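Undergrad: Submitted below is the structure of interest, expressed as structure tokens.
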Amino acid sequence: MDILNEAGVLNQKVNDFGDVLADPQVDATGACAEIDHEVVGKIPLANIPGAPPIPSEGPPATAPRLGQHSAATLRALGRSDREIGELIASGVLGAFGPAPESVGE
């Protein structure tokens, strides 16, 4: 930057995400909200200008975890708990939380 300044070239440091979050103006304007994520803990989330601010308790939902809705989706498509359990046991399907109770029956 010194070379650019000496040459009279307008320039400025580009902030990274940490710099932005540390800026007092971001805090003063409520530009970011901090939400609790069940897996990774507290994460910053930008409030979008013109959109309603993120509630203090966080958004109504976070992105699903890998496999979180797999069993429910397959049930909705007509698969039985036994079939879903077999897919999980064979490694074809990942699962979030406990497998259907019929696994291993």
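Undergrad: So which residues in the stretch 21-40 are closer than 30 Å to Leu66 by Cα and outside any strand (DSSP E or B), if there are any at all?
TA: Scanning the stretch 21-40 gives Leu21, Ala31, Glu38, Val39, Val40.
Undergrad: If you take the residues of the stretch 26-36 that are loosely packed, with under 14 Cβ neighbours inside 10 Å and in contact with a strand residue (DSSP E or B) (Cβ under 9 Å, 6 or more places away or on another chain), which of them is farthest from Thr62 (Cα to Cα)?
TA: Checking each candidate, the answer is Glu34.
Undergrad: Can you name the residue in the stretch 1-30 that is under 18 Å from Ile43 (Cβ atoms) and β-branched (Val, Ile, Thr) and, of all such residues, is farthest from the chain's Cα centre (by Cα)?
TA: Val26
Undergrad: Another question, if that's okay. Taking the condition of a type in the set (A, V, I, L, M) and assigned to a loop (DSSP other than H, G, I, E, B), does Ile43 pass?
TA: Criteria not met by Ile43.
FYI, it's all coordinate maths here, none of it is from the lab. All values reported here derive from a predicted model rather than from experimental measurement. Note that each Cβ is placed from the backbone with ideal geometry, even for glycine, and that neighbours are counted across all protein chains shown.
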